[in-house]
Structures are given as structure tokens and as C-alpha cells.
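First up is the structure itself, then whatever we jot down about it.
No value in this document is a laboratory result; all are computed from the given coordinates. Everything numeric in this text was worked out from a predicted model, so none of it was measured. Positions of Cβ are generated from backbone atoms using ideal geometry, with glycine treated the same way; all protein chains shown enter the neighbour counts.
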Amino acid sequence: MSFWLEIMGVLLGCLAAGWLFQFAGEKITHGKPFFRDMPLSIAFGYALGAVVLVWIVWSYYLARTLEAPEVNKYFFFRRAIDAFILFAIAAWLFRLLGRSVGTQGTKKLFRQMPLTASFGLLTILIYALLAIFAGVLAPYGQEQIIQGAAANIAPGGDPAMGGNPAYPLGTDQIGRDILSRLIYGAQNTVGIAFATTCLAFVLGGTLGFLAATLGGWLDQVLSRGVDVLMAIPSLIFALLLMTIASAWAGSEKGLLTFYMVVIIAVIDSTRVFRLARAVGANIVVMDYIEAAKLRGEGLFYLIFKEILPNAISPLLAEFGLRFCFVFLTIASLSFLGVGIQPPLADWGTMVRDLAQFINFAAFAPQVASAPLLAAGAIALLTVAVNFVVDWMLHRSSGLKE
Amino acid sequence: MSRLLTMKDVWIEGRSDESWNPIINGIDLHLDKGEVLGLIGESGAGKSTMGLAAMGFCRDGVRISKGSVEFEGIDLLKASAAKKRALLGKRIAYVAQSAAASFNPAHRIIDQHTEGPVQHGVMSKSESERDAMELYAKLRLPDPEQIGFRYPHQVSGGQLQRAMTAMAMSCRPDLIIFDEPTTALDVTTQIEVLASIRDIVEQFGTAAIYITHDLAVVAQMADRIKVLLKGDEVETADTRTMLSSPKEDYTKSLWAVRDFVRPAKPAVHTSATPVVSVQGVTAAYGKVDVLNEVSFDIHEGRTVAVVGESGSGKSTTARCITGLLPPRQGVIEFDGVALPADYRKRNKAQLRQAQMIYQMADTALNPRKTIGEIIGRPVEFYMGLKGREKRRRVEELLDEIELPADQYIDRLPSELSGGQKQRIGIARALAAEPKFIICDEVTSALDQLVAEGILKLLARLQDELHLSYMFITHDLATVKSIADEVVVMKDGEVVEQGPKAQMFQPPHHPYTDLLLSSVPEMDPDWLSTLLAERGIDNIGDAAVNKMSYNGTQSKGC
């Protein structure tokens, strides 16, 4: 009960502080429009924001000064704030670099870029480099069970906390280096997700444009077919098909991965089809398409030379989002055991394998962070891609402010 | 008369490419109670920006950097949001260019009408509804008791524009800003809206700022005219003084625009085979006939203007000729040979012969292709030229349309002005080396000076290349300047056709007469005289209805 009273008290306090803020601001600045036209609700928002900010700073201060065991309460909080500050600085530096190096065009691009987008670009760049150079960067092999090293070494590399400096992120339950597996995971998970998304776009995009351009019965058949596919919950559908596919593939793991790519691509291409058809239908009615038709152009030219260049920005934005979904689907399937098969390193599988350590969170947060590393890698990429996509959508729609 | 609105030394800037660029450079404007001020200028002159600034408002990405806007002693630029809210809608109202885009399609007209008065506490909802019906009646909307209960898509464009004027009037404001309220309308509809706006402004003694690019329209509406050019004021004067003796060269050039008339051509031999012959074409969308037995010929080197209001079947005829809409009956002959009805069945040579130029150059040019690619494609497609030869031909074509090739060949359409885009459309049509070009309202989206340039260009190309044009338009001034023959269409039928000289002289078919007399003239008394001639309730819609009632007895020519 007293908890609710406290909350109520804070909110009322915010309200009073907000009113005071607006009133004082108006008096001090002699009626600047910013303060003068500020409604109470917005002033309340400012006050509430200030309270939350103070709370965050205070908690962070506690996290850095308290001793164990109280500090365990703040372990993940501190890590999150540390990471946030680190990423913000990295993104800011990256943007600064982009602004001072490169051609006029890229400089301008970076000048107009919000910090979120530069963070997203930087993250994607790092993931791409990790994936490409995984073999060089990873200290151990992804399948290598290191002789002489114990299983389940905690991350952190601090012997006092049960870590080992040779394995900065620890080892998993059969003694494989987690850092190496994370790096190889970038190659496997991200690479396969990228290939799957491309396939989904080639399939869905082409059919969608065809349906938009030709219309008639072809449009009806394709659209209703897509409706049927979309009516089935996608993850359950994918699970079902993967179960069948694993029976077909037998013990050939490469073949199973190929089946997975095709299955997820087909399921996701239905969404791409919808978008491509809708965007295409808007472009097809333009006079320049009519002019091209009257010139006697063929279907291929119409779709790839006249329609596609105009549909590229919404499709690109959708590509980013779709990539995230595909990526999460693969991770979920792997988590459920039908996706990428061991011993290949995959983030979804890694989360599943280490999942039981989450129970340690209350008293040994260092140990509990092992499964969260892979989960964090997934989350980070998803957030990064979404930031970049948001920024691209913003640019392509010409929305300012 | 007392001063209502004073705008002093107003500077407005717009943000683009990371910097603030001037839109309005220090313009003064004042308005007395009950006075109507006309703001004219080309597109991009800053008329609309100025109109919005008169309400103390500017669009996103635009700011008023200097100056003051005083409405009855209240500085709108410094007033608080609450103070402005109390003024806008109640004492200052705004009528936008496109009523269709400004009404919320999800609410009934009268519900949107009553929102202002109720919010401002001027009237109760039921009072306001009754008042709306009175206003509808005053604006001569048909069935004023019921029309408000329809949704915006259920009434015509002209009616919607009048409903919007009624809405602006709902709180009896002291000032209304009209932003091109009749630009999107047909001439016959335009008259109605003009007449009703003028009546109601006079009746309630409302002051108004009337923004338009059409001089003849502003001459009817305004007491005083202010001419803008690229954010600067050119001159201000009384309407009559301005029309009879403009001081500045720019104003004179605006006035002179309507003088371009190409010389008449000798009559065609009756035995000559026409380039295009439309014979008894009947066409339908679905089951509804939209064209009924349309026939006319277009001879080599001639321009046939097809006129009529929107919905009369002008563009549908063009679609039949190009083969986009295969006619239900009748044939299209080209050089005496019947063309396949569907464009998909025509061969390359047949497609090449007939080209089309579109009304909206914005949608007619692929925004993602450079000028060189747009013009180069038909060159490559029909002539088989590649590489350097293709580029040389594109440069030739750009020369032909009077654009310097080296500057424009690598640009995107978005980097061109409206008139330049239309020229690219012409070049693309020319690239196919056709004999016949359909021009679908090619000048109606352009400013008068620019449109003039396009017409001159088309006339010159016709003389040089012996082209035949089918010129679709609803602007009779354009017809006067460029046509050799005129075809008047109404409701999918040809009501009258013949050489231009004959068409512009009486006796006319009553519909032609109505069209001709509806074209605004520069004379400030034109509207009053016309209304007196037609009888006050006999304008626009009403006149059309009356005419079709007895129009059958007097088939002209």
C-alpha cells in the first residue's frame, strides 16, 4: 500500500514541479513562446523525465560504490549503463570520422545523420567485419573443445569470480570458448539470415511486381495464395515444415540448413509480396509507366527498369525489418532445436544451451551473464538494424522534423 | 475605412539543404475592413506563404525571420498560442486550393462546418447547422437543407469548394484568405464559385486576400492587386489602374501573355487522307458508355483542339486513339489504315507514329531516371542507336526544345522546373520521330508565361517537322492561340466541330456558347455583366441543366 502512495506522491510532486517550472520559466525569460505556450502536461513530462534521470544517476552511483552482496542488485543495470555510454561515445566518434573523411557526398550524409543511425551503422559494420574475418579473429575454433580448460568458466576473466583470463567470456558446458563461438555465430546466424532475406525479396518482390503490373487472374491467384500462407502462424508453420524437412534431410546437416533457408524465405516472402504489390500498384498507374507501355516495352523492362527504381526505398526499409524478423526466427528455431544444428555455433542455440545459468542472476550475476551474451548479440543487431531502417525511411519519405 | 491587417517588412525563410533560403524579402501589406486584395504571381513567387503569414502561421521548415503581422493591433507573431487560437477560425479564416484534399473524408460536411462555431462558442450545434443551411442557400448550393449531410466525396468539386467557403464564413470572420480556390475547377464551375464568393464577401463586408495566378480571375474579385515575383513585390495598385496602366515591365509581360496567336493556315484539301481519323468511336468503362459515336479527322501539320469540361470524354478519346482503351465500336485510322484497337497488338512502327505528352510532367517522367535516360530510351528503342550516337541524338533533341544539353542531360526530373519538365516530355515524344502527337492538357499545370513558351515551342516544332497535334484542353485561351480546328465535346459526344475562325464566331451551339462566355476576361466588370446577362440564378450548373433541357432544338452550325 505504501508503495502505491509513494508512486502517487512522486507523480503529484512532478505535477507541482512541472507547474513551477513553466511558471518560473515564463517569468525569467519574460514570456518566451517555449515556456508561455507550454501546456501543463508537457511541463509534467519534463519534471517526470528529470526525476527518472536523477534516479538513474543515483542508481549508477550506488552500483559503482556499493560492496558485495548489495552490488549484485545493480550488476546488470551497471553493465547496461556502461554499454550505453560506451556505444554513444563510439557512435559519436564514428560520426565525427565520417564527417571529416570521405567525399563531399558521404560527408553531407554523416552531417545530417542522427546519433542513433551512426550507432546502427557502426554496429552493423562491426558485425559484418566479425562475420567475414571470423576465422582470423576468433582465438579458438567454433567446434574446438579446449583440452585442459574446465567447462563452465564464468565470463569476466577474473579468477576471483571464477573466470580465467585466457577465456575472457568464459567457456560453455563442454568447454568451448564462448568468445570464439560468438564470433563464429555472427558468421552463421547473420550470414544465413542475410541469404534467407535476399531470397525472400527476390521471390516476393518479383511476384509482387508481376501481380501489380499484370493484375487480373494472376494477381488474384498469387494474392489469395499468399493470404492462405499468411493465415497460418508463421513460427508454428516453420516448425512444422522444419520437422518434415529434418526427416527428408536425414543426417545431412548442410541440407537441413538449406531447407531452413528456403522454408523461412518462402514464409517471409509473403510479407514482401504484399508490400511490393502495394507499392507497385501505386507506381503502375503513373503516366511514365503508361508512356513506357505505349512505347511497346516488355514486362521485364517495365518491372526492373521503370518500377523497381521507384520502389527501392520502401523495399530497402522493409529489407532491414525483414532481416531482423528472419534473424529472430532462425534464432528461435535454433533455440527450439530445429534450426542451425550443433556443432555449428549459433546464437539461438547458445542461449538454449546456457539457459539454466539465468537462475544464478540473484547471487552470481557474473555467471548468469553467459547466456545473455548471445542474447545481447541478437538484441544489439536487431536494434542497430532498426535504427538504420528508421533513418532510411525518414530520409526517403522526405519527412523533416 | 479602418485598418484591419498590417504586415510590415515581412521576411520569410525556408530551410533546404542545411541552410535558410529567403522566400519573402521584406514585403509590406495592409488591408482595410471589407477590402479584397488580390495577390498574384507565378508559382514559387511566395503568394501562399504570404497568405499563411497573414494568419501568423508558416509551414514546417519555414520561419518568419523578421517583421510584424498586426491584426487589429494584436501582433500575431508575438501572440500566445491561446490568443491565436481564439482568433483563427473565428475572425480569420482560410480557404485552401483543393477542397477535396482539405475536407476530412470520414466526416459529413456539416459536421466539419459546425466544429468551428461550436468550439469558439459562437453558436450551439443546432444553431450552427441552421446557419450552415442558410449559407449553403446563399452560395447557391443545390438542396441546401440536405447537402451538408453528405460526405465530401458525394458532392462535386465546385460544390465542395463552395461548401468550404461557407465553412470559412461560419463564424462571420473579418478576414478570409482564399488560396487559389478556383484553380482546380472547370471554367463553367469556376464562374459559380467566383460569383458566390464575391456575393458573400460583399454581403458580410468581409475583407479578403485572394491568391491566384489567373489575372482575369483576380480582376473580377479584387479591389486592389499586388504583384509578387520571387519573394519581392513588383507593384501594387488599384485593380482598374493596374489593368489599364501597369508600371513595371514584369506586370506588362504578364498582361501581354494572352496575345500569342499563331497565324491561320490554308484550308486542307478535302481529298487529302487525314493522318488520324477517328470514325464513330463508342467506348465504355465497364458497362457505362463514356464515348458515343465520336468522329473527327486530324490532317498533316494541323492542330485539332478538343475542348470540353472534365468528364466530357476528351481524355477517353485520347485513350482510344492510343489503344489503352479499345473502343466498343468504330475504328481509328492512321494514314488511311485501320489500327488494331488494343495497343498490345500494334507493332513498333505503329506505336512510334503516335506519341503522347501528358498534363502532369511530374508523373509523366520517371523520377529516378536522368534526362538523358528518359529521352535516350525511345531513341534506343525505336532507332536502335547506342552509345555515342544515342547521346548525340539526345543532345540534338535537347537543343530542339531549347535546353542546353551539357547542363541538363545528367539531371533528374526533380531538379527541373515545371516548364522544363514539360519540355522534356515533348523531347521524349519527339525522340520517337512521330507524325502525330496527343497533347493532354499540357499547359494547364503551368504558369501563364511558361505555358506561353511551351505553346510557342509546339507551334515551331509543328512547322519544322510537319507534326499533327490533337490538343486536349479546357482552356479556351489556349485554343485561340494554337488550334486550326476545334472539336467541342460534352458528355461523350461531339457537339460541334469546325475550323477555329468559324467556332469563335456566332452562331454557336448553346454549349459552345456557354463555354466561351465562361472564360474570364481581363475586364473587371466582366463577371457582373455576364451574371446580369445570364440572370442571377442561371450560372454554371444551372445554365448547363437549362441548356440540355432545350439544347436539342437548336443544334448549332
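Quick look at the values:
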{"quantity": "Cα convex hull volume per residue for the stretch B:123-184 (Å³)", "calculated": "85"}
{"quantity": "Stokes-Einstein D for chain A, Kirkwood Rh over Cα pairs, 37 °C, 0.692 mPa s (µm²/s)", "calculated": "131"}
{"quantity": "Value in Å of the Kirkwood radius, where the stretch A:1-65 supplies the Cα pairs that are averaged", "calculated": "13.1"}
{"quantity": "A:Ala24-B:Ala86 FRET efficiency (beta carbon distance; Förster radius 22 Å; 0.05 resolution)", "calculated": "0.30"}
{"quantity": "Of the GluC sites (Glu not before Pro) in the stretch B:364-459, those whose Cβ has at most 15 other Cβ within 10 Å and which sit in DSSP loop", "calculated": "B:Glu402"}
{"quantity": "Segment B:Asp406-B:Arg388, extension gain: residue separation times 0.36 nm, minus the distance between their alpha carbons", "calculated": "5.1 nm"}
{"quantity": "The stretch B:408-447: trypsin sites (Lys or Arg not before Pro) in DSSP loop, at most 16 other beta carbons within 10 Å", "calculated": "B:Arg411"}
{"quantity": "Neighbour-limited loop hits for GluC sites (Glu not before Pro), the stretch B:103-206 (at most 15 other Cβ within 10 Å; DSSP other than H, G, I, E, B)", "calculated": "B:Glu145"}
{"quantity": "Amide H contacts under 5 Å for B:Arg328, placed H, 5+ residues apart", "calculated": "B:Thr282, B:Ala283, B:Ala284"}
{"quantity": "For the stretch A:30-168, diffusion coefficient by Stokes-Einstein and Kirkwood Rh (Cα), 37 °C, 0.692 mPa s, µm²/s", "calculated": "164"}
{"quantity": "Dipole magnitude of the stretch A:145-246, debye to nearest 20 (Cβ charges: Lys/Arg +1, Asp/Glu -1, about Cα centre)", "calculated": "100"}
{"quantity": "Rounded if a/c under 1.5, otherwise prolate or oblate - the stretch A:67-110, Cα gyration tensor axes", "calculated": "prolate"}
{"quantity": "Spin-label zone in the stretch B:373-403 - amide nitrogen under 18 Å from a point set 7 Å from the Cα of A:Phe304 along the C-beta vector", "calculated": "B:377, B:381"}
{"quantity": "Viscosity 1.567 mPa s, temperature 4 °C, Stokes-Einstein D of the stretch A:132-279 from Kirkwood C-alpha radius, µm²/s", "calculated": "71"}
{"quantity": "Label point distance in nm, A:Glu6-B:Ala272, each placed 7 Å from Cα along Cα→Cβ", "calculated": "9.6"}
{"quantity": "Taking only Cα atoms of the stretch B:69-196, radius of gyration then Dmax in Å", "calculated": "14.8, 44"}
{"quantity": "Ratio Rg/Rh, restricted to the stretch A:178-396 and using Cα atoms, in which Rh is the Kirkwood radius", "calculated": "1.07"}
{"quantity": "Per residue, the convex hull volume that the Cα atoms of the stretch B:276-514 enclose (Å³)", "calculated": "124"}
{"quantity": "Computed over the stretch B:268-382, Kirkwood Rh from alpha-carbon pairs, angstrom", "calculated": "15.8"}
{"quantity": "All-pairs alpha carbon distance profile, the protein assembly as shown, 20 Å steps from 0, percent", "calculated": "11, 32, 33, 19, 5, 0"}
{"quantity": "Whole-percent pair-distance distribution, where bins are 10 Å wide, for the alpha carbons of the stretch B:184-223", "calculated": "26, 61, 13"}
{"quantity": "Electrostatic dipole magnitude of chain A [Cβ: Lys, Arg +1; Asp, Glu -1; Cα centre; debye, to 20]", "calculated": "900"}
{"quantity": "Pairwise FRET efficiency - A:Trp92 versus A:Asn386, Cβ, R0 = 22 Å, nearest 0.05", "calculated": "0.70"}
{"quantity": "Inter-centroid distance (Cα atoms) of the stretch A:275-337 relative to the stretch B:181-234, Å", "calculated": "45"}
{"quantity": "Rg ratio (alpha-carbon, reference 2.2 N^0.38 Å) - the stretch B:38-138", "calculated": "1.26"}
{"quantity": "Label point 7 Å beyond Cα of B:Arg59 along Cβ direction - residues of the stretch B:224-257 with amide nitrogen under 16 Å", "calculated": "B:230-231"}
{"quantity": "Taking chain A and dividing mean pair separation by its residue count, relative contact order in percent (alpha carbons under 8 Å, at least six apart)", "calculated": "16"}
{"quantity": "Where labels lie 7 Å past Cα in the beta-carbon direction, separation of B:Glu145 and A:Leu137 in nm", "calculated": "7.9"}
{"quantity": "Axial C-alpha extent at least 27 Å, average Kyte-Doolittle at least 1.0 - helices from chain B (DSSP)", "calculated": "none"}
{"quantity": "R0 of 35 Å, Cβ-Cβ distance A:Ala128-B:Ala106: FRET efficiency to nearest 0.05", "calculated": "0.15"}
{"quantity": "Taking the convex hull of Cα positions in chain B, its mean projected area over all directions (nm²)", "calculated": "27.7"}
{"quantity": "Dipole magnitude of the stretch B:420-487, debye to nearest 20 (Cβ charges: Lys/Arg +1, Asp/Glu -1, about Cα centre)", "calculated": "220"}
